[in-house]
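What follows is a single structure, written as structure tokens, with notes after it.
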Amino acid sequence: MLGLDRRAFLIAMAACCAASRSSSNSVETINLGAIRWDSWYRKAGESVYAQNNLNKSEFIARAPKHCEISNLNIYCEGSVAVIEQEIKSAYDAGLKFWAFDWFPKGSSFRSAWDLYQISPMKKLIDWCPIVNLSEIGSANRSSREIEAKCSRWAELMVDSTFFKVSIELKKRPLLFIYYRQEEMEKYHGEIGALKSNLGMLRRMCSNLSVNDPYIVIFDPMLRKSLVNAIGADAVSNYISDFRKIEHGNFAQLNEQVVNYWVKMQKSGAQFIPISQMGWDTRPRKRGLAPWESDKPKSANEANYYYDIATPEEFAHQIKQAINFIKEYSSLCPSKTILAYSWNECDEGGCMLPTIGDKGGSYLKEISKLKNL
């Protein structure tokens, strides 16, 4: 009888292990996150320009659904209730985190993060930042300023809602950093100083019993040598690399996005693939934002854009990214996809519910991937 019990136990354990292996290969193990650029939660400061960019009949449907419209004028103000609706819709779709473009305290672009932070529902979806090199450096090389900045990030990473990727059984805080050579020189001086400052951040995390951050550099050239030189972990980018053409369709853009993943893989560096649902900056090109540098130089350039994906096309691209990660798992240990974007509504595509898509069809299509 004892032998039979032991045999039954071993069979049960084998079944459990098989189920575990099956689960580990499912899309549920993939971390899908989305970029947030939050100009829709306070009509003040530079957010005014972004909102005004959509004050045209052909673009107004792109505005988030909480925005009000009167005579083609858009007015967008956020609230905890608005953010909580977004949290629920993101959670229901299977998103694991939002990657917030980071702005200073008091900026209108920071309003959504502030509202998210005071919501009790924030535990449903984590967050991480996309920062400039200034956030871990100092223009005058002040060691006190650098220490204060690194200490603040380490303290934020302690929180349970700061998104952490699981690598070799360790939960590591995810940090995206834009790399621009001119900013590196301005705030760090040289590569060695940047590496030292990132090392300080890692030590501060260790002192707070936080695992080593997983630092991902946004570098369009996808240089493994740069990742190694500054002591980062992986490479990615805000958008993919693509040609400027007059009114391209999404299939043309999608092909270039997938080719960009191949470039990431061939770089030999660990990477996080970027999924991109479109690129249509015509609202910005026709707007008056002082920070918009991509003004058309000719009539043809004014029509350089790609169609935004249909919900089905975007979900298919994310499925492609999932398969790519599985194929090159050794270079994608974070099992993470960064999607462009949650709410870059006047630049190139937004998956959140909008005035033209109040039912959130993009999120509904993405949610179907959970059941594959």
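Every number in this text was worked out from the coordinates using simple rules, so none of it is lab data. All values reported here derive from a predicted model rather than from experimental measurement. Heads up, the Cβs are rebuilt from the backbone with ideal geometry, glycines too, and the neighbour counts pull from every protein chain shown.
With just the Cα atoms defining each centre, how far is the range 109-142 from the range 151-174? Give it in Å.
Taking the Cα centre of the range 151-174 as reference, the centre of the range 109-142 is 13 Å away.
Kindly put I355, I118 in sequence by how many other C-beta atoms sit within 10 Å of each C-beta, fewest to most.
If I rank by nearby Cβ atoms, fewest first, I get I118, I355.
Between L156, L54, L352, which gets the highest mean-square fluctuation from a Gaussian network model of the chain, Cα cutoff 10 Å?
Between L156, L54, L352, it is L156 that shows the largest mean-square fluctuation.
How far is it, in nm, from the label point at K56 to the one at K244 when both lie 7 Å from their Cα along the line to the Cβ?
Placing both labels 7 Å beyond Cα along the Cβ direction yields 1.7 nm.
If a/c stays under 1.5 just call it rounded; otherwise compare a/b with b/c (prolate if a/b is bigger, oblate if not). Do that for the range 183-269, with a ≥ b ≥ c from the square roots of the Cα gyration tensor eigenvalues.
Prolate is the answer for the range 183-269, as a/c is 1.5 or above and a/b outweighs b/c.
Any idea how far apart N259 and Y328 come out in nm if each label point goes 7 Å out from Cα toward Cβ?
Distance between the two pseudo-spin positions: 1.5 nm.
With +1 on each Lys and Arg Cβ and -1 on each Asp and Glu Cβ, how big is the dipole of the chain about its Cα centre, in debye rounded to the nearest 20?
About 800 debye.
Using Cα centres only, tell me the gap between the range 312-362 and the range 207-247 in whole Å.
Here the two parts' Cα centres lie 18 Å apart.
Going toward the positive end of the dipole of the chain, with +1 on Lys and Arg Cβ and -1 on Asp and Glu Cβ, which of L363, A339, S225 do you reach last?
Selected residue: S225.
Which whole-number percent is the relative contact order of the range 293-369 (Cα, under 8 Å, 6+ apart)?
Over the range 293-369, the number comes to 30 percent.
Among S142, L115, S79, pick out the residue whose Cα is farthest towards the positive end of the charge dipole of the range 34-371, where Lys and Arg carry +1 and Asp and Glu carry -1 on C-beta, about the Cα centre.
Highest projection toward the positive end goes to S142.
So what's the net charge close to I355: Lys and Arg +1, Asp and Glu -1, counting the other residues with Cβ under 14 Å from its Cβ?
Local charge sum for I355: 0.
What is the sum of charges, Lys and Arg at +1 and Asp and Glu at -1, for the other residues whose Cβ falls under 10 Å from the Cβ of S267?
Surrounding charge for S267 is +3.
For the range 151-248, what's the relative contact order in percent, using C-alpha pairs closer than 8 Å and at least 6 residues apart?
Result for the range 151-248 is 28 percent.
Lysine pairs in the range 150-267 with alpha-carbon atoms under 21 Å apart, 8 or more places apart or on different chains: how many are there?
Qualifying lysine pairs in the range 150-267: 5.
Nothing charged except the Cβ atoms of Lys and Arg (+1) and of Asp and Glu (-1): what's the magnitude of the dipole of the range 68-227 about its Cα centre? Round to the nearest 20 debye.
640
Which of the GluC sites (Glu not before Pro) across the range 188-274 are loop residues per DSSP, with 16 or fewer other Cβ within 10 Å?
E190
Pick from R144, R36, R203 the residue whose mean-square fluctuation is largest in a GNM of the chain, springs joining Cα atoms under 10 Å.
R144
Below 14 angstrom from the Cβ of S209, what's the summed charge of the other residues (Lys, Arg +1; Asp, Glu -1)?
So the surrounding residues net to +3.
Over the chain, what is the relative contact order in whole percent, taking alpha-carbon pairs under 8 Å and six or more residues apart?
21
Going by C-beta contacts inside 10 Å, put S209, S275, S151 in order with the fewest on the left.
Listed from fewest to most nearby Cβ atoms, that is S209, S151, S275.
Given +1 on the Cβ of Lys and Arg, -1 on the Cβ of Asp and Glu, and no further charges, what dipole in debye does the range 158-277 carry about its Cα centre, rounded to the nearest 20?
The dipole of the range 158-277 has a size of about 280 debye.
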